[in-house]
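Written out below as structure tokens is the structure these notes cover.
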Amino acid sequence: LRRRTLLQHSSLLELLELPTLMDACVRSNMYEEALSIAAFSNTLERRHSTDNSFVVNKVIEQVRSRKSDLRLHLLQRLRASVTMPQCLEVVTALR
């Protein structure tokens, strides 16, 4: 088990960094990238739904929380004064 974990170290690290990466994307207004991370977590959930892996489930839970944060961030941007291109960008991401 230890050897297998070491062989998968970079993959595990990338998995664990997904919520932080999504948070950074939201703060940087990189909505498409944040949505791609959310879509990837959905794929992870489908692939590992029968595994009952605590780590995978926790990462998926955290990404979902960040997705909720993204939605709130986008709605707040619409409440502010935005240009038409910004409005289209936000509405597209909300879609």
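The values are calculated or read from the model by the stated rules, or taken from the named source; none is laboratory data. Here the structure is a predicted model, which means the values were calculated and not measured. A quick note on method: Cβ atoms are made from the backbone with ideal geometry, for glycine too, and the neighbour counts reach across all protein chains shown. Accessible surface areas use protein heavy atoms only, side chains included; no ligands, DNA or RNA. Shrake-Rupley method; radii C 1.70, N 1.55, O 1.52, S 1.80 Å.
Just a few scattered comments:
- Test result for N29, open to solvent by less than 80 Å² (accessible area, probe 1.4 Å) and in a loop (DSSP other than H, G, I, E, B): yes
- When L21, L16, L6 are checked against the criterion of being open to solvent by 80 Å² or more (accessible area, probe 1.4 Å) and in contact with an Asp or Glu (Cβ under 9 Å, 6 or more places away or on another chain), L21 stands alone in meeting it.
- Pick from segment 32-50, criterion open to solvent by 80 Å² or more (accessible area, probe 1.4 Å) and either of a type outside the set (D, E) or touching a residue at least 12 places away in the same chain (Cβ under 8 Å) (or both), ranking: farthest from L12 (Cα to Cα): E32
- Pairs where the first residue, in segment 72-91, is of a type in the set (S, T, N, Q) and the second is surrounded by 14 or more Cβ atoms within 10 Å (Cβ to Cβ), C-beta under 8 Å, 6+ apart: Q86/R77
- In segment 1-31, of all residues being acidic (D, E) and out of contact with any helix residue (DSSP H, G or I) (no Cβ under 7 Å at 6 or more places or on another chain), the one that is farthest from R64 (Cα to Cα) corresponds to E14.
- Any hit, segment 76-86, residues being touching a Lys or Arg at 6+ places or on another chain (Cβ under 9 Å) and either open to solvent by 50 Å² or more (accessible area, probe 1.4 Å) or acidic (D, E) (or both): yes
- Leading residue by the ranking (most open to solvent (accessible area, probe 1.4 Å)) among those in segment 51-75 that are farther than 15 Å from V26 by Cβ and in a helix (DSSP H, G or I): F54
- The set of residues in segment 51-71 that are touching an Asp or Glu at 6+ places or on another chain (Cβ under 6 Å) and touching a residue at least 24 places away in the same chain (Cβ under 8 Å) contains only R66.
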